[in-house]
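To keep things clear, I will list the structure first and then write my remarks on it.
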Amino acid sequence: MDQVSTRQLATWLDNTLQAERFRDYCPNGLQVEGKATIGHIITGVTASQALLETAISRGADAVLVHHGWFWKGESPVVRGPRRQRLATALGSDLNVFGYHLPLDAHPTLGNNAQLARVLGLEPDRDADGNPVTCGPEGLIWLGSCPGANTLGDLREKIYKALQRVPLIVGDPQQKTGRVAWCTGAAQGMMEAAVDAGAHVYITGEASEPTTHLARETGTGFIGAGHHATERYGIQALGDAVAAQFGIKVEFVDIDNPV
Ligand SMILES: [Zn+2]
C-alpha cells in the first residue's frame with residue numbers, strides 16, 4: 001500500500017482547493033497533526049466523535065472532512081465533547097484535515113458542483129466554461145433543471161437522489177425556470193439568489209424567515225438537508241486523493257437528519 005507524507009498531502013489539498021483564497025469561519029487544512037505518513041484516510045461530512053472512532057477502528061491515519069473544528073465564535077476552552085474529540089485524535093496520532101468553503105466552491109470537486117451532478121442540475125457557464133455564481137464568495141450556483149419543470153417535479157427528483165423528503169415552500173405547480181443552489185446552511189443567502197433572478201432556491205437548511213422571503217418574492221424554496229447536500233464534495237475529493245497518491249480512501253456516512 002502506498003503512503004504519502006502528511007505534509008505533502010496537506011500542500012496538495014491546500015493547492016487543489018485554493019484554500020488561502022477564502023475568508024472562512026474556521027481554519028482550512030491540517031487542523032490537528034497526527035502521524036507523519038498517511039496510507040489510509042476516512043472521509044466524512046463532519047469530524048464528529050463517531051467518525052473519529054470509526055477511523056481509528058479501521059486503522060486509518062487521517063480523517064478528511066468538510067466540517068472540521070475550531071469555528072469562529074466557539075468557546076476555545078477544551079472541555080466536554082471538544083476535549084473528548086481532541087483526546088481521541090491525539091491519543092491515536094490521527095491527522096484531522098478540514099476544508100469548509102474551499103470545498104463548497106471548487107468548480108469540479110466541490111459540494112455545489114457535485115450536488116448538481118447528483119440532482120441533474122445544469123449549471124450556467126461563462127465564456128471560459130466557469131460556473132456562473134452569485135452571493136458572498138460566489139458560493140451560489142445558477143442554472144436550470146432539465147426534466148423537472150415544476151417545483152413538485154424537482155421535489156420528486158431530490159427525494160429519489162438524496163433519499164430524504166425535502167422541505168418545500170411554494171406551489172408544487174410553479175415553474176422551476178432558473179434554479180439557484182448552495183449546499184449546507186445557506187438559507188441566509190437566499191436574497192442574493194432572488195436578486196440574481198432565481199425562480200427556485202435549493203439549500204440544506206431553512207430558518208423561520210426563509211418561508212416569508214420565499215412567499216413574498218414568489219421564489220420556490222427547497223431545504224434538502226444540510227448533511228444530505230454535503231455528502232458529495234468530500235467523496236469527490238477523496239477519490240481525487242486516492243487517484244493522486246494511490247492510498248486507501250473510504251467515505252463513511254454518519255447519518256444526520258438535519
Ligand atoms: Zn456545511
*Residue that is over 30 Å from Ala148 (Cα atoms) and in contact with a Ser or Thr (Cβ under 8 Å, 6 or more places away or on another chain), where the choices are Gly73, Gly34, Gly98*: Gly34
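For the stretch 1-108, which helices (runs of 4 or more DSSP H) that fit wholly inside it have 1 or more residues that are in contact (Cβ under 8 Å) with a residue 12 or more places away in the chain, within 16 Å of the ligand (Cβ to nearest atom) and surrounded by 13 or more Cβ atoms within 10 Å (Cβ to Cβ)? Please lay out each step first, then the result.
On the way: elements: 6-17, 49-57, 80-91, 101-105.
Passing ranges, in order: 6-17, 49-57, 101-105.
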*Taking Arg117, is it open to solvent by 10 Å² or more (accessible area, probe 1.4 Å) and farther than 25 Å from Trp181 by Cβ?*
no
_Top-ranked residue in the stretch 196-233 [being among the charged types (D, E, K, R) and touching a strand residue (DSSP E or B) at 6+ places or on another chain (Cβ under 9 Å); ranked as nearest to the ligand (Cβ to nearest atom)]_ = Glu230
*Which listed residue is under 14 Å from the mean Cα position of the chain (by Cα) and open to solvent by less than 10 Å² (accessible area, probe 1.4 Å), from Ile158, Ile202*: Ile202
*asked:* Going residue by residue through the stretch 162-185, is there one that turns out to be in contact with a Phe, Trp or Tyr (Cβ under 8 Å, 6 or more places away or on another chain), part of a helix (DSSP H, G or I) and open to solvent by 20 Å² or more (accessible area, probe 1.4 Å)?
replied: no
*Which of the residues belonging to the stretch 3-36 are at positive phi and in contact with a Gly (Cβ under 9 Å, 6 or more places away or on another chain)?*
Gly29
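The values are calculated or read from the model by the stated rules, or taken from the named source; none is laboratory data. In this text, all values refer to a predicted model and were calculated from it rather than measured experimentally. Cβ sites come from the backbone with ideal geometry, for glycine too, and all protein chains shown count toward neighbours. Calculation scope for accessible area: heavy atoms of the full protein, side chains included, ligands and nucleic acids excluded. Shrake-Rupley method; radii C 1.70, N 1.55, O 1.52, S 1.80 Å.
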